[in-house]
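Asker: Submitted below is the structure of interest, expressed as structure tokens.
Read-outs: derived from the displayed coordinates by stated rules, not from any lab. Just so it is clear, the model here is predicted, and its values are computed rather than measured. Counting neighbours? That spans all protein chains shown, and the Cβs are built from the backbone with ideal geometry, glycine included.
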């Protein structure tokens with residue numbers, strides 16, 4: 001067979017794109033990356049606050065503080081020793097100790113300076129109440145605290161009994177409010193992500209209206225056309241979600257290192273556990289699913305109106 005009769009070589013087949021991917025992506029991956037990063041950071045903050053509240057509640061569970069409010073140092077020490085002796089005989093007290101003066105001075109010095117100990121001054125320092133740190137088994141009810149106050153009154157008239165958890169009630173309330181704020185922020189960012197996907201799908205439909213009409217004339221169904229847009233936006237959402245999660249992990253790690261440097265007990269309890277990280281890792285998955293469903297719903301609704 002000569003060259004003239006030989007059939008021409010076939011050109012390599014190339015997958016035809018009904019709707020070019022570049023015309024559908026646009027800024028959606030970047031928008032979703034930003035949204036996912038913000039959601040992950042907000043979720044990490046809310047989970048850390050929850051862990052902080054739980055750790056503080058466990059730490060302060062059953063804890064009580066007895067203050068000996070007496071200006072005279074000798075009388076203050078006497079009442080503190082007498083109160084400690086009474087506490088060791090009270091049923092339900094599992095632990096009790098007088099807080100050393102050095103610890104009290106270290107606690108108040110950042111606020112009162114040298115006036116707390118009298119250092120650098122001719123007169124004595126500001127009188128600081130003696131503290132007894134104790135732990136009571138069972139629930140700390142107002143009735144039990146009042147009963148303990150009555151037991152201590154004969155031996156230490158200046159003693160005042162307080163539950164340690166009552167000091168942090170305003171803090172616990174603020175922590176709960178911040179958790180709700182983090183949840184509200186995540187919901188708002190989810191709504192913004194859905195709105196961005198909706199607008200992107202409508203824009204892509206408008207830009208490819210002529211192509212869609214031709215596909216319809218060739219027998220293409222609405223479900224097939226919607227699948228093209230759904231798959232494209234799903235890929236964009238997945239890639240943007242992974243990028244946003246990676247950026248959020250870097251920010252969370254840096255913030256965690258900064259807070260860990262404080263070496264404070266209540267801050268140490270805010271560390272994220274593996275379940276917290278698993279919940280954060282699910283955010284891009286949920287966002288990708290939300291974007292895919294939103295894109296399909298938007299395209300199917302627009303196609304019904306188009307024809």
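Asker: Sort 105, 236 so that the residue with the fewest other Cβ atoms within 10 Å of its own Cβ comes first and the one with the most comes last. Before the final figure, lay out each step's value.
Answerer: Details: 105 16, 236 26.
The most exposed by this proxy come first: 105, 236.
Asker: How would 94, 294 line up from fewest to most surrounding beta-carbon atoms within 10 angstrom? Walk me through the intermediate numbers first.
Answerer: Values: 94 10, 294 21.
Exposure proxy ranking, most exposed first: 94, 294.
Asker: Going by how many other Cβ atoms sit within 10 Å of their own, how do 50, 304 line up, fewest first?
Answerer: On the way: 50 17, 304 9.
The most exposed by this proxy come first: 304, 50.
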